[in-house]
């Protein structure tokens, strides 16, 4: 697998991880007991920390990318293993 493919997979997993992590650990101003600014949405986070979110997404994406590359290298789970329909043709191997 080329390093550019690994980088693209890492980027996709990073974005997915970041969006998955967005709602976790968020508290509104009402929950935190802080006054709201006039015109502020009720659901706005009181203390949004994008650096912490990026760090968590980086770690999760790195682990998922490592698992993906290891599976690609060693072939633990192949396309035929994910087939839920019976009688699917066997695909040729490309190496």
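Computed from the coordinates by the stated procedures, all read-outs in this text should not be read as laboratory data. These numbers come from a predicted model, not from an experiment.
Helix 3-21 and the longest principal axis of the C-alpha atoms of the chain enclose an angle of approximately 40°. Against the main long axis of the alpha-carbon atoms of the chain, helix 50-74 sits at an angle near 10°. Given the choices (1) 159; (2) 141; (3) 97, volume of the Cα convex hull per residue in Å³ derived from the coordinates of this structure is entry (1). Normalising the average separation of contacting C-alpha pairs (under 8 angstrom, six or more residues apart) by the number of residues puts the relative contact order of the chain at 32 percent.
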